[in-house]
Amino acid sequence: MKKWQVLSSAALLTLTLAACGAEEEAADKSTATNSAETTETAQFPLTQTDALGKEITIEKAPERIISLIPSNTEILFGLGIDEQIIAVNDNDNYPEAALAKEKVGGMEFNLEQIIALQPDLVLAHESNLYSFNEEAIAQLEAIGITVFVVKDAKTFEETYTTIEKIGQMTNKVQQAADMITSIKTGIDEIEVKVADLEEKSVFIVVGTAPDLYAAGQETFINEMLEVLDVENAVPELGWPMYSTEQFVASNPDAILVTYESDIEAIQTNDAYSEMDAVKNDQVKLVDGDTTSRQGPRIVEGIESLAEAIYPEAFNE
């Protein structure tokens with residue numbers, strides 16, 4: 001072989017090796033980038049604004065957490081946090097692991113018990129404030145216990161923000177992002193499924209004794225109805241009380257209740273006997289937990305409503 005051929009071969013080999021090395025380096029960088037994206041972490045100390053408008057600083061990812069409402073608990077477990085949860089609300093029933101946690105109260109909370117457990121983070125809720133008030137919060141903060149009051153979300157977007165904040169405070173940023181993506185994907189799939197279904201009107205009863213209360217506009221469960229393209233027969237905002245006359249006049253296609261006892265209360269009341277939903281046996285029970293808790297089971301809540309309203313499409 002001639003000398004110039006040897007040199008050319010050597011040069012070609014060098015260039016080939018260099019190209020391979022560049023490709024491997026690029027692949028390594030891509031892998032590193034993807035790894036960074038899937039292991040995103042929070043930066044501590046971290047400051048978040050809670051539902052009271054207070055700036056709460058978290059010095060490090062909490063190791064001892066008390067959750068005072070089921071929705072917060074479901075978010076924490078959904079983020080993969082178990083060991084750090086040391087106590088929960090008396091009404092926590094999901095996931096099953098929550099049942100084994102120490103309980104610190106349901107409507108009222110045992111402040112002495114909370115203090116004795118020495119949490120480094122108490123996740124309260126805006127709806128708790130009638131019992132777990134600012135005085136109780138100040139008492140805990142005075143001895144160095146961090147309290148974060150979670151907003152009482154009225155929309156999915158507000159719930160996503162809550163999930164993001166809890167994810168950041170617990171150093172589960174990527175898990176929070178994944179949870180939100182999963183919820184949005186599930187909602188998209190349901191919207192496709194109901195796109196061609198006949199629109200119906202629905203009245204959601206949230207209690208009948210001693211007075212009948214309904215779920216109106218700008219409530220969490222109303223947004224679930226919007227996903228299903230269902231008309232809420234209650235035009236008022238919030239949770240209005242309805243008289244017998246108002247309820248009968250609403251005459252929806254379906255009546256949904258969140259307590260099983262309310263089915264009989266409605267079906268056996270002679271005043272309601274001429275309502276279309278009563279005559280057509282369209283008084284149905286829906287899951288009161290998933291339709292009210294602002295957490296990771298939003299899709300399950302929508303599906304519970306859908307199965308009652310459109311059994312032909314969702315009870316397959």
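A short reminder: the numbers here are calculations on the coordinates, not readings from a lab. Predicted model only: the values in this text are computed from it and were never measured. Here Cβ is always computed from backbone atoms with ideal geometry, including for glycine, and neighbour counts include all displayed protein chains.
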The stretch 209-251 - charge dipole about Cα centre, Lys and Arg +1 at Cβ, Asp and Glu -1, debye rounded to 20: 140 debye
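Out of the GluC sites (Glu not before Pro) in the stretch 45-112, which ones are loop residues according to DSSP with at most 16 other C-beta atoms within 10 Å?
Values: sites: GLU55, GLU59, GLU63, GLU74, GLU83, GLU96, GLU102, GLU108, GLU112; in loops: GLU59, GLU63, GLU83, GLU108.
When the GluC sites (Glu not before Pro) of the stretch 45-112 are filtered for loop state and at most 16 Cβ neighbours within 10 Å, GLU59, GLU63, GLU83, GLU108 remain.
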How much length, in nm to one decimal, is gained on full extension between GLU307 and ALA271, taken as 0.36 nm per residue of separation minus their Cα-Cα distance? 10.3 nm
For the stretch 148-221, listing GluC sites (Glu not before Pro) in a DSSP loop whose Cβ sees at most 15 other Cβ atoms within 10 Å gives GLU198, GLU199, GLU218
List the GluC sites (Glu not before Pro) within the stretch 233-265 that DSSP assigns to loop and that have no more than 13 neighbouring Cβ atoms inside 10 Å. GLU260
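Once you charge only the Cβ atoms, +1 for Lys and Arg and -1 for Asp and Glu, what is the size of the charge dipole of the stretch 196-314 about its Cα centre, to the nearest 20 debye?
On the way: 5 positive and 25 negative charges, 63 e Å.
Roughly 300 debye for the stretch 196-314.
Taking a quarter of the surface of the convex hull around the Cα atoms of the chain, what do you get in nm²?
Approximately 25.1 nm², given one-decimal rounding.
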What is the Cα convex hull volume of the stretch 196-314 when expressed per residue in Å³? 96 Å³
If each residue of separation counts as 0.36 nm, what is the full-extension length gain between LEU237 and ASN133 once their alpha-carbon separation is subtracted? 34.9 nm
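What is the sum of charges, Lys and Arg at +1 and Asp and Glu at -1, for the other residues whose Cβ falls under 15 Å from the Cβ of GLU264?
On the way: positive: LYS284; negative: GLU260, ASP262, ASP270, ASP281.
Spelling it out: positives minus negatives among the neighbours equals -3.
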For the stretch 46-181, what is the charge dipole size about the Cα centre, in debye to the nearest 20, if Lys and Arg each add +1 at the Cβ and Asp and Glu each add -1 at the Cβ? 160 debye
Report, for the stretch 46-181, the % of DSSP beta bridges that are antiparallel, rounded to 5. 30 percent
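What does the charge count around GLN43 come to, taking other residues whose C-beta lies under 13 Å from its C-beta (Lys +1, Arg +1, Asp -1, Glu -1)? Don't skip to the answer; put the middle values down first.
On the way: positive: LYS60; negative: GLU40, GLU59.
Here the count lands on -1.
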Return the tail of the calculated pair distribution for the stretch 46-181, meaning the percent of Cα-Cα pairs more than 24 Å apart. 20 percent
